[in-house]
Amino acid sequence: MSNTLPTKANLIALKNTYSLAKNGLELMDQKKQILINELLSYTAKIQQLRGLIVDIFAYAYSSLIRSNVTLGLITNLTKYFEIDDNYQLKYKTLMGVTIPTLEHQNFVTIDLGNSAYPVGLTNTFFDDTLISFLKIKDLIITLANIDSTCYRLALNIKKTNKRTNALKNIIIPNLEIDIAYVTNYLEEHEREEFSKNKLSKKILYEKKQAKLSQNC
């Protein structure tokens, strides 16, 4: 039995809440579907990126071996390169989901004609090694962003699903029970009032008729 006080004001409030809950359920379903579609699209990209990274890494490692064989250990060339810390963390929003994104300010292919290291001390194997590892770095950043996005999306899908189930299986059914209870109570009360009024009118009419008979 509902604990709601059966009044017309409460019935109106219940119906308004019920309407909001139904609209909320529809919006939640739409949000969940959009997030799932977005997650599936990113999942396909992850598989492609991982395969590409593996392929480029295999080529880069092969070039590194050839560089070491032809130039000797190339660790002495590291002094010509600065640590790349030109990154910036930004945020974007998708259907209310906040997603952090790591942006690298220099996603560029190295210009071998204006390189920071002495070209005369290197060869094409070293150039291939450098370019390949730069590509790998950029791809890893992209993959990390997508992985982070997928995690956030999956987490929000789980939360949205819980809220959807709560609306569908608990809140809306309870509201329907309350609305039915209050509606039935008010209708029964109106029938009782109608019967009482009808009976009162009948009694008054009979009294009036009896009085007229006495006067005659």
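The values are calculated or read from the model by the stated rules, or taken from the named source; none is laboratory data. Since we're looking at a predicted model, the values are computed, not measured. Positions of Cβ are backbone-derived with ideal geometry, glycine not excepted, and every protein chain shown enters the neighbour counts.
Brief remarks follow.
- Condition check for Ala13: in contact with a helix residue (DSSP H, G or I) (Cβ under 6 Å, 6 or more places away or on another chain), in a helix (DSSP H, G or I) and modelled with pLDDT of 90 or more: no
- Residues of the range 151-175 satisfying the condition of being within 14 Å of Gln33 (Cα to Cα) and in contact with a Phe, Trp or Tyr (Cβ under 6 Å, 6 or more places away or on another chain): none
- Positions within the range 72-124 being surrounded by 13 or more Cβ atoms within 10 Å (Cβ to Cβ), modelled with pLDDT of 70 or more, among the β-branched types (Val, Ile, Thr) and not in a helix (DSSP H, G or I), in sequence order: Val97, Ile99, Thr101, Thr122
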